[in-house]
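The values are calculated or read from the model by the stated rules, or taken from the named source; none is laboratory data. Just so it is clear, the model here is predicted, and its values are computed rather than measured. Here Cβ is always computed from backbone atoms with ideal geometry, including for glycine, and neighbour counts include all displayed protein chains. Ligands, DNA and RNA are excluded from the accessible area calculation, which covers all protein heavy atoms including side chains. Shrake-Rupley method; radii C 1.70, N 1.55, O 1.52, S 1.80 Å.
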Amino acid sequence: MTMHARHLRARLKGWGGVGAMAAACALAVVFALAVTCTGSVASQAGAQPAGHRTAKALTVEAARAADDCEAPEKQTLPPSRADGPAITAIKNRPGEKRKLVVGVDQNSYRWGYRDPNSGEYGRLEGFDIDLVHRIAEDILGDPDAVQFKAIPTDQRIPAIQDGRVDLVVRTMTINCSRLEDVAFSAPYFKTGQQVLAPKSSPVEGYDETLANRKVCTAKGSTAYAKLEEDRKSGGLPASTDISTTVPNQLDCLVRLQLGEVDAVVNDGALAASQAAQDPTVELKGEAFTTEYYGVAMKKDADDLVRRVNQILVDFRQDTATGWQASYTKWLSATMDDDPSASRPPAPEYLRRS
């Protein structure tokens, strides 16, 4: 083995280097095949509950708000515990299919991931996964009544629209563009885009030091949209190469470790977790956007949106096993230097005039 090869292998840390990464990816393939072999989510047909006209009016209001969108994290329906067509369809699934079908990530450390050292193959862990179990417990009475479907970043919206999943809980930013295609819950986490680069890199943040540098982002991510917009407007050096995009954000870390790109732009919450995986990289500069994660659902699933918003209210208020407990367990080690991330964002809802 050459000295260069030894050096390269020494830099590849994360989950124990490329070998472990490859093993994790192989497990990911098996898991994806295992969890996606069932059919589409059942249709949301059913009788209209009392108050449906009110819900319909709010849906029209939500659509108008999305068209005139300034604060996307506020364009959601008020909480409710009432069942409607979407929830009824989930509850009426027969036998073993009576599960909540949820699109998640399995490669985001501390958010939605499988720890290869846990010895529990098939068990997903992380902050997003805790929230999924909480939703399943509330709707179906069993926190484990979940069918997880691993989906890449650019397939989150198609998976909802095609009926492959009931929900997506996958560090998904609420924004105006996405509100045209899906509905969101109230926000459950606040973050912002940040730059991740090797500690030895001259890159200092989201600034002129990215000139003539190759930057990696995930396909369909808000990070790529921001880079594309800023390069056109002059907010990012024109020489910055943003052509490297990958299906999943973890792939950007691997590209960075291999020296194929100079920096990664990602949500600060995810980037901090990646820095925890690999001590040779670090966050560079401050967050340059403000973004909120939400649970995504079909646009017409009003009762499900309202129910998830009620679950989030309960999750925030539960001091024993709720939001704060999950944050402390999974994220405090990497996020405590950001005070705004250590508490849940206050929700706001659409109100009829």
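Okay, here's what the table says:
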{"read-out": "Those residues of the range 319-352 whose amide nitrogen sits under 12 Å from the label point placed on Arg81, 7 Å along Cα→Cβ", "value": "none"}
{"read-out": "Considering only the range 170-298, percent of DSSP beta bridges that pair antiparallel, nearest 5", "value": "70 percent"}
{"read-out": "Fully extended contour minus Cα-Cα distance, from Glu229 to Asp337, at 0.36 nm per residue", "value": "36.0 nm"}
{"read-out": "Where trypsin sites (Lys or Arg not before Pro) fall in DSSP loop in the range 65-114, at most 15 other Cβ within 10 Å", "value": "Arg81, Arg98"}
{"read-out": "Gain on full stretching of the segment that runs from Asp115 to Leu350 - 0.36 nm per residue minus C-alpha separation", "value": "80.7 nm"}
{"read-out": "Under 5 Å, built H, 5+ apart or other chain: amide partners of Leu100", "value": "Val146, Gln147"}
{"read-out": "HN-Hα J in Hz across the range 326-333 - Karplus 6.51, -1.76, 1.60, θ = phi - 60°, x for Gly and Pro", "value": "5, 4, 4, 5, 9, 10, 4, 5"}
{"read-out": "Sparsely packed trypsin sites (Lys or Arg not before Pro) within the range 314-353, loop by DSSP, other Cβ within 10 Å at most 12", "value": "Arg351, Arg352"}
{"read-out": "Under 30 Å from the Cα of Lys219 - lysines, other chains or at least 8 residues apart", "value": "Lys13, Lys74, Lys99, Lys149, Lys190, Lys199, Lys232, Lys284, Lys298, Lys299, Lys329"}
{"read-out": "Extension gain, Asp162 back to Ala211 (0.36 nm per residue minus Cα-Cα distance, nm)", "value": "13.6 nm"}
{"read-out": "Calculated from backbone phi, Karplus (6.51, -1.76, 1.60) coupling profile of the range 311-316 in Hz, x at Gly/Pro", "value": "4, 5, 4, 5, 4, 5"}
{"read-out": "Carbon plus sulfur fraction of accessible area for the range 256-326, probe 1.4 Å, in percent", "value": "47 percent"}
{"read-out": "Percentage relative contact order, the range 69-148, counting C-alpha pairs under 8 Å, at least six apart", "value": "25 percent"}
{"read-out": "Derived scalar couplings ³J(HN,Hα) [the range 273-285; Karplus, 6.51 cos²θ - 1.76 cosθ + 1.60; whole Hz; x for Gly, Pro]", "value": "5, 5, 5, 5, 6, 10, x, 8, 10, 7, 6, 10, x"}
{"read-out": "Cα-projected label distance for Asp144 with Thr290, points at 7 Å along beta-carbon direction, nm", "value": "4.2 nm"}
{"read-out": "Net charge contributed by nearby residues that have their C-beta within less than 13 Å of Lys226 (K/R +1, D/E -1)", "value": "-3"}
{"read-out": "Other-chain or far-sequence residues with amide H under 5 Å of Thr289's (modelled H)", "value": "Gln193"}
